[in-house]
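Heads up, the thing below is written out as structure tokens.
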Amino acid sequence: MAKRIKIPCGWTAYKLEQNDLIKLQAAQCLGNVCDSCINHLIEGYYVPILNRVICMSCFIDWSKNSHYYSEDQKFEQENIKWFESWGMYLHLF
């Protein structure tokens, strides 16, 4: 099941297990590779502020270096709404 998390700087992310990724890929919401390093995804993270799905290694790197900018909150919220709508439809939560 997808799990919503907050990283220390304030952004939201979703930890996705393999079954979550399979459902999202079948619905053509996400691909099957990391949007940063293009490695195949077995598990990953959807990051609404980036509107990308990334592997654990890239997520750790990004979360260490990311900065929260309040002016980007609207964009993040739009992507959260999109993702959670698909998540409810696909029974990810």
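The values are calculated or read from the model by the stated rules, or taken from the named source; none is laboratory data. Keep in mind the model is a prediction, meaning the values are calculated, not measured. FYI the Cβ positions are ideal-geometry reconstructions off the backbone, even for glycines, and counts take in every protein chain you see. These accessible areas exclude ligands, DNA and RNA; they are computed on the full protein's heavy atoms, side chains included. Shrake-Rupley method; radii C 1.70, N 1.55, O 1.52, S 1.80 Å.
Observations on the model:
- Filter result for residue 23 (charged (D, E, K, R), under 17 Å from residue 2 (Cβ atoms) and at pLDDT below 95): yes
- Number of positions in segment 26-43 that are within 14 Å of residue 2 (Cβ to Cβ) and of a type in the set (Gly, Ala, Ser): 1
- Matching residues, segment 76-93, being surrounded by 12 or more Cβ atoms within 10 Å (Cβ to Cβ) and not aliphatic (A, V, I, L, M): 76, 77, 78, 79, 82, 83, 84, 86, 87, 93
- The residues of segment 1-60 that are among the small types (Gly, Ala, Ser) and touching a Phe, Trp or Tyr at 6+ places or on another chain (Cβ under 8 Å), listed by number, are 2, 10, 13, 27, 36, 44.
- So residue 31, is it of a type in the set (Gly, Ala, Ser), open to solvent by less than 20 Å² (accessible area, probe 1.4 Å) and more than 17 Å from residue 88 (Cβ to Cβ): no
- Residue in segment 66-75 that is surrounded by 14 or more Cβ atoms within 10 Å (Cβ to Cβ) and charged (D, E, K, R) present: no
- Residue check for residue 3: touching a Lys or Arg at 6+ places or on another chain (Cβ under 6 Å) and either open to solvent by 100 Å² or more (accessible area, probe 1.4 Å) or modelled with pLDDT of 95 or more (or both): yes
- Subset of segment 44-53 that is more than 17 Å from residue 1 (Cα to Cα) and hydrophobic (A, V, I, L, M, F, W, C) - its residue that is most open to solvent (accessible area, probe 1.4 Å): 50
Listed here are the residues, each with its yes/no results for (1) in contact with a helix residue (DSSP H, G or I) (Cβ under 7 Å, 6 or more places away or on another chain); (2) basic (Lys, Arg); (3) crowded, with 18+ Cβ neighbours inside 10 Å.
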| position | (1), (2), (3) |
| --- | --- |
| 21 | no, no, yes |
| 27 | yes, no, no |
| 39 | no, no, no |
| 56 | no, no, no |
